[in-house]
Amino acid sequence: MSKFKELINSETPVLVDFYADWCSPCKMMAPILKQVKDSLGNNIRIVKIDTEKYPAISQAYSIRSIPTMILFKNGEPTWTTSGVMNANQLIENLKYYLN
């Protein structure tokens, strides 16, 4: 958990994708997140957290459904969404928090 806290405690916003290997919608997010990263570049970091390998982190942030994404800035959650979202939607939502 302390490594995770270090990871999200960054001036560069960090989008954390909470997922599980067995989750079909989670698998759909992988290419979407790549598009987001390609579009936003160094303005954002994207991290994937397997909810089954890291249940303490999932519990700490009350992850009840997957995929869930939380955007952190300076260690604080600033935006949360659950479910599959297309790349353009996700980029537009994130841009608001990146400026």
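What follows is calculated from the coordinates using simple rules that are stated; it is not laboratory data. Only a predicted model underlies this, so the values are computations on that prediction, with no experimental measurement involved. Every residue, glycine as well, gets a Cβ built from its backbone with ideal geometry; the counts of neighbours run over all protein chains shown.
When the distances between all Cα atoms of the chain are binned every 10 Å from zero, what whole-number percent does each bin get?
16, 53, 30, 1
Given a Förster radius of 35 Å and the C-beta distance between Met1 and Ala30 as r, what FRET efficiency does 1/(1 + (r/R0)^6) yield to the nearest 0.05?
Efficiency, rounded to the nearest 0.05: 0.90.
Can you give the calculated 222 nm mean residue ellipticity of the chain, where each DSSP H run of n ≥ 4 adds -39,500 (n - 2.57) and the sum is split over every residue, rounded to the nearest 500 deg cm²/dmol?
Helices in the chain give a 222 nm mean residue ellipticity of -12500 deg cm²/dmol.
What are the ³J(HN,Hα) values, in whole Hz, obtained from phi via the Karplus relation 6.51 cos²θ - 1.76 cosθ + 1.60 with θ = phi - 60°, for each residue of region 36-47 in sequence order, with x given for Gly and Pro?
4, 4, 4, 6, 9, x, 6, 6, 8, 10, 10, 10
Under 14 Å from a label point 7 Å along Cα→Cβ of Trp79: give me every residue in region 36-62 with its amide N that close.
Of the residues in region 36-62, 36-37, 39-41, 43-46 have backbone N under 14 Å from the label point off Trp79.
In whole Hz and in residue order, list the ³J(HN,Hα) couplings for region 54-59 that follow from phi through the Karplus curve 6.51 cos²θ - 1.76 cosθ + 1.60, θ = phi - 60°; x for Gly and Pro.
Once θ is set to phi - 60°, the couplings for region 54-59 become 10, x, 5, 5, 4, 5 Hz.
Residue-wise, which Karplus ³J(HN,Hα) couplings in Hz belong to region 9-22, taking 6.51 cos²θ - 1.76 cosθ + 1.60, θ = phi - 60°, and x for glycine or proline?
7, 9, 5, 6, x, 10, 8, 9, 9, 8, 8, 9, 4, 7
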